[in-house]
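I have a structure I would like to understand better, so I am pasting it below and will then ask my questions one at a time.
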Amino acid sequence: GAWTTLLSRHVVTADGGKSSRVRYAGLAGERAALDAYCASLSAVGAAAFEGFSRAQRMALLINAYNAFTVELILTKYPDLKSIRDLGSLLSNPWKPKWIPLLGGKVSLDDIEHAMLRKRGVYDDPRVHFAVNCASVGCPMLREEAYVGERLEAQYDEQARRFMADRTRNRWNA
């Protein structure tokens, strides 16, 4: 509920729902709510997580990736032109392990690659359309949280949205 509330207020869809833009200024004004949501994600322990259904685990990880990415952007907002500015010459912003999740510290890369795309466990290519790395080339940030009960439909819709976005995808028939 909390993440959906924030997203519905600060993610603006465009082009018939095929793309979105994030109002970071508005999110910065609700930083306490974002911090509380991130803390609620961090409070989920590994044992509780293992008790979730596969879809619930996926939804939690996707929401964590997206919320902590927004949190990362807000650490330097409004003095930030690109998420890549948060990295350095030798590292990118997706590598540092700063996110408290499932009893440890993980990076955004860990969530996306080691957890969400873990072969034989989740291994669903549609996850690419669900995670938003805060870069112009990434799929849009969804205007609602992912939920286990609707994850399949949300995945399918995000895939259609991304593929229909002519700013990122073009083809000749």
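Tell me the net charge near residue 92. Cut-off is 10 Å between Cβ atoms, residue 92 excluded, with +1 for each Lys or Arg and -1 for each Asp or Glu.
Every neighbour counted, the sum reads +1.
Now, a different point. With θ set to phi - 60° and the Karplus curve 6.51 cos²θ - 1.76 cosθ + 1.60, what are the ³J(HN,Hα) couplings of segment 125-135 in order, to the nearest whole Hz, using x for Gly and Pro?
x, 5, 4, 4, 7, 9, 8, 10, 8, 6, 10
Quick one: putting +1 on the C-beta of Lys and Arg, -1 on the C-beta of Asp and Glu, what dipole do you get for the chain around its Cα centre, in Debye to the nearest 20?
440 debye
How do 15-25, 39-49 rank on mean C-beta neighbours within 10 Å, highest first?
15-25, 39-49
Now, a different point. Rolling a 1.4 Å sphere over the protein heavy atoms, what is the accessible area per residue of the chain, to the nearest Å²?
I get 52 Å² per residue for this part.
Most mobile of 151, 108, 80 per a Gaussian network model of the chain (Cα springs, under 10 Å)?
In this elastic network of the chain, the residue with the biggest mean-square fluctuation among 151, 108, 80 is 80.
Pull up all non-local amide H partners of residue 106: gap of 5 or more, or a different chain, and H-to-H distance under 5 Å with H placed in the peptide plane.
Hits under the 5 Å cutoff: 98, 99, 101.
Moving on to the next point. What FRET efficiency do you get for residue 13 and residue 47 if R0 is 35 Å and r is their Cβ-Cβ distance, rounded to the nearest 0.05?
For R0 = 35 Å, the calculated efficiency reads 0.40.
Quick one: 3J(HN,Hα) in Hz for segment 29-46, Karplus 6.51/-1.76/1.60 with θ = phi - 60°, rounded, Gly and Pro as x.
Each residue of segment 29-46 in turn: x, 10, 4, 4, 5, 5, 4, 5, 5, 4, 5, 5, 5, 5, 6, 6, x, 4 Hz.
Now for a separate question. Once fully extended, how much extra length lies between residue 95 and residue 113, figured as 0.36 nm per residue of separation less the alpha-carbon to alpha-carbon distance?
Roughly 5.4 nm would be gained on extension.
Let me check something: with ligands and nucleic acids excluded, how do 94, 3 order by accessible area (1.4 Å probe), largest to smallest?
Sorted by accessible area, descending: 94, 3.
Check which residues have an amide H placed less than 5 Å from residue 141's amide H, if you skip close sequence neighbours.
The list, which skips near neighbours in sequence, is 20.
Taking the dipole about the Cα centre of the chain, with the C-beta of Lys and Arg at +1 and of Asp and Glu at -1, give me whichever of 125, 44, 163 is farthest to the positive side.
So the residue we want is 163.
If you don't mind, another one. Pull up all non-local amide H partners of residue 30: gap of 5 or more, or a different chain, and H-to-H distance under 5 Å with H placed in the peptide plane.
none
Could I ask something else about it? Mind telling me which of 86, 60, 27 comes out most flexible in a GNM of the chain, alpha-carbon contacts under 10 Å?
Most flexible of the set in this elastic network: 86.
Something else: Specify which labelled value, from (i) 23, 21, 17; (ii) 32, 25, 12; (iii) 39, 16, 14, agrees with semi-axes √(5λ) of the Cα gyration tensor in Å derived from the coordinates of the model shown.
Only one listed value fits the structure, namely (i).
The values are calculated or read from the model by the stated rules, or taken from the named source; none is laboratory data. Not measured: the values here are computed from a predicted model. Heads up, the Cβs are rebuilt from the backbone with ideal geometry, glycines too, and the neighbour counts pull from every protein chain shown. Heavy atoms of the whole protein, side chains included, go into the accessibility calculation; ligands, DNA and RNA do not. Shrake-Rupley method; radii C 1.70, N 1.55, O 1.52, S 1.80 Å.
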